[in-house]
Amino acid sequence: MASPKKKLQGLVAATITPMTEHGEINFSVIGRYVDYLVEEQGVKNVFVNGTTGEGLSLSISERCRVAEEWVTKGRNKLDQIVIHVGALSLKESQELAQHAAEIGADGIAVIAPFFLKPWNKDALINFLKEVAAAAPALPFYYYHIPALTGVKIRAEELLDGIQDKIPSFQGLKFSDTDLLDFGQCVDQNRQRQFAFLFGVDEQLLSALVMGATGAVGSFVFRDLSTSWSN
């Protein structure tokens, strides 16, 4: 079973992908971005190529290069670099997962495929299982964002028995406003030491009360960063 060097918790920055005025990725900015997060904000965990980073609008080669740059520039500075590897194509998602493992990322995350959608829990788990198997040594996180994927399978239902199917499963990035679903995820899985990372900034305080162990967002809260590090 995958075992992260340190549990993913606290603030996780959902990174943007810097672009030039001509629509090319500005890789030169990423090193300064790392230093800003660490030195100015006290944030040492990042979520790369997700929604904020517009990962699904990038080509596979661009996503790989962005991931490489974050891992290279974040070495010995960041605690954990989680790469979002979700894609509509299973093979592409597997390729991105393998690449993340090869470059030394600390974890991978996957959203549900959203064109030909999984019709039930088993179909979704089968997709996630195939992606996780491409990088079995990396901690695996499910990225639950039904407003964008249109996949309405409740996270609480998905988590039931998921580690039996995906041994590397370590937690959930929950980007939905259904706090009942989130609360049930936490209550029914307290003994499993999953990471429950909340992804809706506007509801973060409520999620913390309900048991969120961290937050993935595009807003950085310095006070929360300080309190989580204590």
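Here are the numbers for the structure shown:
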quantity: Leading residue by the ranking (farthest from Gly107 (Cα to Cα)) among those in segment 131-147 that are in contact with a helix residue (DSSP H, G or I) (Cβ under 7 Å, 6 or more places away or on another chain) and in a loop (DSSP other than H, G, I, E, B); calculated: Ala134
quantity: Meets criteria (surrounded by 19 or more Cβ atoms within 10 Å (Cβ to Cβ) and in contact with a Ser or Thr (Cβ under 7 Å, 6 or more places away or on another chain)) for Leu138; calculated: yes
quantity: Scope segment 76-98; condition touching a residue at least 12 places away in the same chain (Cβ under 8 Å) and either open to solvent by 30 Å² or more (accessible area, probe 1.4 Å) or in a loop (DSSP other than H, G, I, E, B) (or both); matching residues; calculated: Lys77, Leu78, Asp79, Val85, Gly86, Ala87, Leu88, Leu90, Glu92, Gln94, Glu95, Gln98
quantity: Residue in segment 166-179 that is open to solvent by 30 Å² or more (accessible area, probe 1.4 Å) and either of a type in the set (A, V, I, L, M, F, W, C) or at pLDDT below 95 (or both) present; calculated: yes
quantity: Meets criteria (open to solvent by 30 Å² or more (accessible area, probe 1.4 Å), within 15 Å of Gln9 (Cα to Cα) and in a helix (DSSP H, G or I)) for Leu204; calculated: no
quantity: Selection within segment 43-63 - open to solvent by 20 Å² or more (accessible area, probe 1.4 Å) and part of a helix (DSSP H, G or I); calculated: Leu56, Ser57, Ile60, Ser61, Glu62
quantity: Selection count where residues are of a type in the set (Phe, Trp, Tyr) and open to solvent by 70 Å² or more (accessible area, probe 1.4 Å), scope segment 99-123; calculated: 2
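Let's see how each residue does on (1) among the small types (Gly, Ala, Ser); (2) within 16 Å of Pro146 (Cα to Cα); (3) modelled with pLDDT under 95:
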site	(1), (2), (3)
Ser59	yes, no, no
Arg63	no, no, no
Glu69	no, no, no
Gly74	yes, no, no
Gly86	yes, yes, no
Lys91	no, no, no
Leu96	no, no, no
Phe115	no, yes, yes
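The values are calculated or read from the model by the stated rules, or taken from the named source; none is laboratory data. Worth saying up front: this structure is predicted, and the values here are computed from it rather than measured. Ideal geometry is used to build each Cβ from the backbone, glycine not excepted, and the neighbour counts take in all protein chains shown. For the accessible areas, the whole protein counts, side chains as well, though only heavy atoms, and no ligand, DNA or RNA atoms are used. Shrake-Rupley method; radii C 1.70, N 1.55, O 1.52, S 1.80 Å.
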